[in-house]
Amino acid sequence: MAVACALALAFVLLLPRAGAHGDGPGRDGGGSGRGSAAADEKCTAPEQQTLAPSGADGPTISAIKARRGEKRKLVVGVDQNSYRWGYRNPNNARAELEGFDIDLVHRIAQDILGDPDAVQFKAIPTNQRGPAIQEGRVDMVVRTMTITCDRLGEVAFSAPYFRTGQQVLAPRSSAITGYDASLAHKKVCSAAGSTANSRLTDDRRTGRLPASTDISLTVPNQLDCLVRLQLGEADAVVTDGALAASQAAQDPTVTLKGAAFTTEYYGVAMKKDADDLVRRVNQVLVQYRANGWQASYDTWLSATLGKDATASRPPAPTYRRTS
């Protein structure tokens, strides 16, 4: 465990912190999945609330294309320390961002600007994803961001590009068996502004989780939970199973405990009034699902999630009706 802990700590320290981009921890980034007054109370299938695809330019895309010189890039909020999703590979001499989410960003940039590398990446912590969009710091966020009804009150989403679910990550030697009574008297870590954090809060309040479960430990970035687990400051982590599987690959002393207990979909997040950009991303996703998605999955995720990608593929998109 000591060796694994040291390796993970070294990995994290090698990465430039998000604060270097002015995106330090702050108010909840629309990620809590709770209590947004702007959310549609009738929303029951948030992954079906996006706009139909279109390849046409509009005001948002035109503004992006009008940027000149080095600024003529798509500005995208991403993670830089989620292994195999968005991370700086220390074995890469240029330490360029790599991963499943990063592949999708390059595909979107290719479609909009004709150059897959016309991207300015901005690393943002989990709890700043919503504010980064709302405040105009980024054009979009591609950062394992779950589509939820409450988040739809604050940002717009593309159609889903990945399916996952919440799971428990804990040491192999732990008696924890999953998201159940075995979490009694245990300290559980989650990222602030995440769907995991809001689910823990809701379930402890309603009694699905034991009242003795300590859910007070929250961190700005999800990977920080793994470090807390390795340091013995947490007994378990609750996060997306897709992310947890990658963390288990980083540290063989931890493992997934129990099955996924939710079904969630990742989407590309954009400003609520950026209809033309939402439609354009959805057009890219139509093409990407047919040619590109599987290759990216095979490259980055098959080693941790298995060669059969059926469970991770989102269903055929359903678009909301609009005048």
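Read the figures in this text as sums done on the coordinates, not as results from a lab. None of these values were measured; they are calculated from a predicted model. With ideal geometry, Cβ positions are generated from the backbone for all residues, glycine too; neighbour counts draw on all protein chains shown.
Considering only beta bridges that DSSP places wholly inside the chain, some 60 percent are antiparallel. Residues whose amide H falls under 5 Å from that of Thr239, counting only those 5 or more places apart or on a different chain, are Gln167, Leu169, with hydrogens built in the peptide plane. Amide H contacts for Lys122 (H built 1.01 Å from N in the peptide plane; partners 5 or more residues away or on another chain; cut-off under 5 Å): Val76, Gly77, Val78.
When both region 41-102 and region 254-323 are represented by their alpha-carbon centers, they are found 13 Å apart. Would you mind checking region 280-323 for residues with the amide N under 17 Å from a putative spin-label position 7 Å along Cα→C-beta of Ala249? Label zone hits: 293-313.
For region 136-143, backbone phi angles converted through the Karplus equation (6.51, -1.76, 1.60; θ = phi - 60°) give residue-by-residue couplings of x, 6, 9, 7, 7, 10, 10, 8 Hz, Gly and Pro being listed as x. For Met145, the residues 5 or more places off, or on other chains, whose built amide H falls under 5 Å of its own are Gly267. Comparing mean-square fluctuations of Asn81, Asn89, Asn221 from a GNM of the chain with C-alpha springs under 10 Å, the top value falls on Asn89.
From its DSSP helices (H runs of at least four residues, each -39,500 (n - 2.57)), the chain gives a residue-normalised ellipticity at 222 nm of -9000 deg cm²/dmol.
Separation of the alpha carbons by more than 29 angstrom is noted, of Lys71/Lys272; Lys65/Lys122; Lys42/Lys272; Lys42/Lys73; Lys65/Lys272; Lys42/Lys271, for Lys42/Lys73.
Computed extension gain for Ala316 through His185, at 0.36 nm per residue and net of the alpha carbon distance, reaches 43.0 nm.
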